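Chemist: This is the structure I have questions about; it appears just below.
The values are calculated or read from the model by the stated rules, or taken from the named source; none is laboratory data. Every value quoted in this text rests on a predicted model; they were computed, and no experiment measured them. All Cβ positions, glycine included, derive from the backbone under ideal geometry; neighbour counts span all protein chains shown. Ligands, DNA and RNA are excluded from the accessible area calculation, which covers all protein heavy atoms including side chains. Shrake-Rupley method; radii C 1.70, N 1.55, O 1.52, S 1.80 Å.
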Amino acid sequence: MSKSNFYRLDAILEKKCQYNLIIGERSNGKSYAVLERILTRWIKNGEQGAYIRRWKEDYRGKRGTQLFAGHVANGLISDITDGEWDDVKYYSGKWYLCKKDEQLDRVMTQEEPFCFAFALSDMEHDKSTSYPNVTTIAFDEFLTRQYYLPDEFVTFMNVLSTIIRHRDNVTIFMMANTVNKFAPYFKEMGLRHVADMEMGKIDVYSYGESPLKVAVEYCKPASKSGKKSDMYFAFDNPSLS
């Protein structure tokens, strides 16, 4: 599948909303596109990103190490840094640009991280830290087929407050594969028409006199012909849809 078939942020960014909810099929490039934005804004402007998950285990160890693997494998980092960096190092809840120095036979790592990790289940530990350079926040898999934390929406708001503080230059992206009309985020954010959205559409919600705007995009599939791997899941079973 060509790169042009994967999801891009262009359409939803045109809405100029503070919150951007992106919902669609698995592996269509939603998370890749938002993480690419974090990388690009760091390299070009020195702006950092924040990556939020429900549980700390969702980004620790191998999962954290592999988060930017696609951007490394396709040479994106090397391209936009003109070869100065070509890899990403994950360490202690932070991501750094890095590159192996062949002459010194060791990995050289940038001093400052370009992205910080946050877990809703662990938010009490992050309250005292300041993140003045974070301008892009990515909350990955904000919908779940399992269960949510108690008062999860309020916890999410507290995490955002910790990061944003008194600024107004932060853009928030919330990505998910599952569409569940009973999801607490839709009710808490007043998103009344998500269950009725047509694929490929973007709805924008406003809130009285407040400048707050929320965009919700129900993505089209990455390719009309589907993915090669679809054949492995072609059983006549509605639970697999």
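Chemist: Compute a Gaussian network model of the chain, connecting alpha carbons closer than 10 Å, and tell me which residue from 112, 47, 141 fluctuates the most.
Modeler: Taking springs between Cα atoms under 10 Å, the residue moving most is 112.
Chemist: Quick one, which of (i) 18.5, 61; (ii) 16.2, 46; (iii) 21.4, 73 is the actual Rg and Dmax of the Cα atoms in Å calculated for this model?
Modeler: Given (i) 18.5, 61; (ii) 16.2, 46; (iii) 21.4, 73, the calculated one carries the label (i).
Chemist: With a probe of 1.4 Å, find how much accessible area region 146-222 has per residue, and write the answer as a whole number in Å².
Modeler: 59 Å²
Chemist: What distance in nm separates the two pseudo spin-label positions at residue 63 and residue 213, each 7 Å out from Cα along the beta-carbon direction?
Modeler: So the label points at residue 63 and residue 213 sit 3.4 nm apart.
Chemist: At a threshold of 8 angstrom on Cα-Cα distance, excluding pairs fewer than six apart, so keeping six or more, what relative contact order does region 87-202 reach in percent? Mind dumping the intermediate values first?
Modeler: Details: 121 pairs, mean separation 24.3, N = 116.
The normalised contact order for region 87-202 reaches 21 percent.
Chemist: What distance in nm separates the two pseudo spin-label positions at residue 10 and residue 92, each 7 Å out from Cα along the beta-carbon direction?
Modeler: Rounded to a tenth, the inter-label distance reads 4.2 nm.
Chemist: Between 50, 183, 117, find the one with the highest GNM mean-square fluctuation for the chain; connect C-alpha pairs within less than 10 Å.
Modeler: Per the Cα network of the chain with a 10 Å cutoff, 183 tops the list.
Chemist: Can you give me the C-alpha center-to-center distance between region 137-199 and region 22-90, rounded to a whole angstrom?
Modeler: 20 Å
Chemist: With every protein chain kept in the model, how would you rank 201, 99 by accessible area, 1.4 Å probe, largest at the top? It would help to have the intermediate numbers written out before the result.
Modeler: Values: 201 105, 99 70 Å².
Of 201, 99, the descending order of accessible area is 201, 99.
Chemist: Right, next: Of 174, 139, 218, which is farthest on the positive side of the dipole of region 139-241, counting Cα position, with +1 on Lys and Arg Cβ, -1 on Asp and Glu Cβ, and the Cα centre as origin?
Modeler: Of the listed residues, the answer is 218.
Chemist: On average, how much accessible surface per residue is there in region 1-97, in Å², for a 1.4 Å probe, leaving out ligands, DNA and RNA?
Modeler: 50 Å²
Chemist: Which whole-Hz couplings ³J(HN,Hα) result when phi for each residue of region 204-210 is put into the Karplus expression 6.51 cos²θ - 1.76 cosθ + 1.60, θ = phi - 60°, listed in order with x for Gly and Pro?
Modeler: Going residue by residue, I get 10, 10, 10, 9, x, 7, 5 Hz, with x marking Gly and Pro.
Chemist: Take the solvent-accessible surface of the protein heavy atoms, probe 1.4 Å, and return the percent of it on region 1-142 that carbon and sulfur atoms account for.
Modeler: 44 percent
Chemist: With the contact rule set at Cα under 8 Å and sequence spacing of 6 or more, what percent relative contact order holds for the chain?
Modeler: 28 percent
Chemist: Still on this structure, please answer the following. Could you check the spin-label model distance between residue 55 and residue 237? Points 7 Å from the Cα along Cα→Cβ, value in nm.
Modeler: In this crude label model, residue 55 to residue 237 measures out at 2.2 nm.
Chemist: Let me ask something additional. Using 0.36 nm per residue, how much length does the chain from residue 180 to residue 27 gain when fully extended, once their Cα-Cα distance is taken away?
Modeler: On the way: separation 153, 0.36 × 153 = 55.08 nm, distance 1.81 nm.
Computed gain between residue 180 and residue 27 is 53.3 nm.
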